[in-house]
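The values are calculated or read from the model by the stated rules, or taken from the named source; none is laboratory data. What you are looking at is a predicted structure, and each value in this text was computed from that prediction instead of being measured. Please note: Cβ atoms are built from the backbone with ideal geometry, for glycine as well, and neighbour counts cover all protein chains shown.
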Amino acid sequence: MQSFIGGSIRLGQRQGFPRWNRAQFKSSAKAYLPSQSSSNAVQGTNNSIKSPNNHLLQFLGTTFVSQANGVCSVPVLSPLAAMMSSSSSIYMTTAAFPNMHSSEPFPDVPTRIKFKRLDKTAKHIMQIVDKEAVEEVKRQRDVPEIKPGYIVQLKVEVPENKRRLSTIKGIVIARRNAGLNTTFRIRRMVAGVGVESLFPLYSPNIKEIKVLDKKKVRRAKLYYLRNKMNALR
Amino acid sequence: MAASFASKCSGVGRSLMDGLRNNFANLPSTSREIVCGSFLYQQQRTFIQMRTVLKVVDNSGAKKVMCIQPLKGKKGARLGDTIIASVKEAMPNGKVKKGKVVYGVVVRAAMQRGRCDGSEVKFDDNAVVLVDKQGQPIGTRVFGPVPHELRQKKHVKILTLAEHIA
């Protein structure tokens with residue numbers, strides 16, 4: 001039994017996850033039990049592994065629970081778990097995310113878990129981190145959608161101005177999407193002189209954004225307004 | 001009409017029009033932000049350097065000055081820096097006359113200046129306030145907005161005289 005598991009581990013390492021997963025679907029409960037301790041060890045590393053892998057491990061977690069209840073559920077967990085613990089060095093471990101708990105709704109044991117190979121996941125790990133950071137900020141603050149052509153009023157706390165809130169009202173002429181560093185430009189007339197300011201959308205210094213009006217524009221970057229010298233406002 | 005025509009044709013056409021108008025600031029190739037293809041779509045505003053003509057926004061008597069030396073800065077002066085300038089155009093009776101060499105503090109620059117919180121600010125023109133060697137403004141009023149950067153450069157007097165702090 002142990003050798004069988006060992007052999008399947010090596011097989012899995014060579015061929016990658018998904019195919020192997022399907023092949024091992026019907027292994028017995030007995031094969032499952034002895035390596036339960038190793039799987040428990042893997043649970044410990046659960047928090048440090050990124051989301052696609054996290055799904056798999058949570059899946060492992062839920063099925064462990066169901067296993068304890070006497071339901072003979074999915075198979076392939078143990079060899080997979082063992083493999084994971086053995087090859088944990090090639091993971092990108094990031095800081096534990098507090099919002100990833102194991103109570104993620106995972107329906108009935110699906111027959112096929114689709115997830116990328118670890119090195120493929122590593123390539124867009126920055127994208128995943130970025131998206132999570134954006135969601136984190138969005139949860140704390142209500143950030144409205146800002147598109148070019150909107151007339152917007154901001155309340156900004158300027159650190160150079162000794163922490164006083166200044167209101168900035170102007171038209172959004174450009175928006176640049178870059179994850180957490182999404183910036184937008186505002187053009188306004190201040191005391192007869194045109195001023196353009198660029199702000200990061202998710203900056204903590206921006207206390208409030210209010211959309212006053214929406215103008216119809218036919219492009220994404222309204223740099224032609226610089227030559228137009230919009231009067232007033 | 002011209003603006004809509006420019007927006008209809010490609011970016012190259014627009015840059016040509018802009019380039020013809022403002023050849024001056026574009027010629028020195030030192031630009032701070034190299035956005036790919038930016039020279040086709042927008043102007044790259046650069047530093048204030050020798051022979052840059054700036055507007056004077058106080059009531060010291062001068063109207064236009066030409067920068068002859070930026071103090072501090074190998075490539076040129078930015079927002080909040082001091083420059084040495086020569087008065088090119090002056091009001092008939094004012095404290096400074098044409099041809100005089102004066103110091104000035106740049107209060108508005110067309111080149112964007114980054115702030116510590118990640119925001120940037122840029123104005124539509126280049127403007128300067130004449131000061132003496134100690135940094136005290138010669139005039140008694142300042143017109144137009146001034147940026148917050150002056151506070152850090154210790155030009156508090158100009159900030160108090162300003163009518164709007166951008």
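Points to keep in mind about this one:
- Subset of the range A:221-233 (residues that are charged (D, E, K, R) and within 9 Å of another protein chain (Cβ to nearest Cβ)): A:Lys221, A:Arg226, A:Lys228
- Contact annotation: residue pairs with Cβ atoms under 7 Å, 6 or more positions apart or on different chains, pairing a residue in the range B:129-142 that is under 16 Å from B:Lys64 (Cα atoms) with a partner that is assigned to a loop (DSSP other than H, G, I, E, B) and among the hydroxyl-bearing types (Ser, Thr, Tyr), are B:Leu130/B:Ser60; B:Ile138/B:Ser60; B:Gly139/B:Ser60.
- The residues in the range A:199-220 that are surrounded by 15 or more Cβ atoms within 10 Å (Cβ to Cβ), within 17 Å of A:Gly149 (Cβ to Cβ) and facing chain B (nearest Cβ under 9 Å) can be counted, and the count is 1.
- The residues of the range B:49-103 that are farther than 24 Å from B:Thr160 by Cα, of a type in the set (A, V, I, L, M, F, W, C) and not in a loop (DSSP other than H, G, I, E, B), listed by number, are B:Val53, B:Met66, B:Cys67, B:Ile68, B:Val87, B:Ala90, B:Val101.
- Matching residues in the range B:150-164 - criterion: being at the interface with chain A (Cβ under 7 Å from one of its Cβ atoms) and either under 19 Å from B:Lys55 (Cα atoms) or hydrophobic (A, V, I, L, M, F, W, C) (or both): B:Glu163, B:His164
- The range A:146-166, residues that are modelled with pLDDT of 90 or more and either surrounded by fewer than 13 Cβ atoms within 10 Å (Cβ to Cβ) or assigned to a loop (DSSP other than H, G, I, E, B) (or both): A:Ile146, A:Lys147, A:Pro148, A:Gly149
- Only residues that are modelled with pLDDT of 90 or more and touching a Gly at 6+ places or on another chain (Cβ under 6 Å) were counted in the range B:151-166, giving 0.
- Of all the numbered requirements in (1) away from chain B (no Cβ under 14 Å); (2) on the phi > 0 side of the Ramachandran plot; (3) of a type outside the set (A, V, I, L, M), A:Arg141 misses one, and that requirement is (2).
- Flag if A:Ile146 is over 24 Å from B:Glu149 (Cβ atoms), touching an Asp or Glu at 6+ places or on another chain (Cβ under 6 Å) and aliphatic (A, V, I, L, M): no
- Any pair with Cβ under 9 angstrom, 6 or more apart, that starts in the range B:80-94 at a residue that is on the phi < 0 side of the Ramachandran plot and loosely packed, with under 15 Cβ neighbours inside 10 Å and ends at one that is of a type in the set (Ser, Thr, Tyr) and part of a strand (DSSP E or B): none
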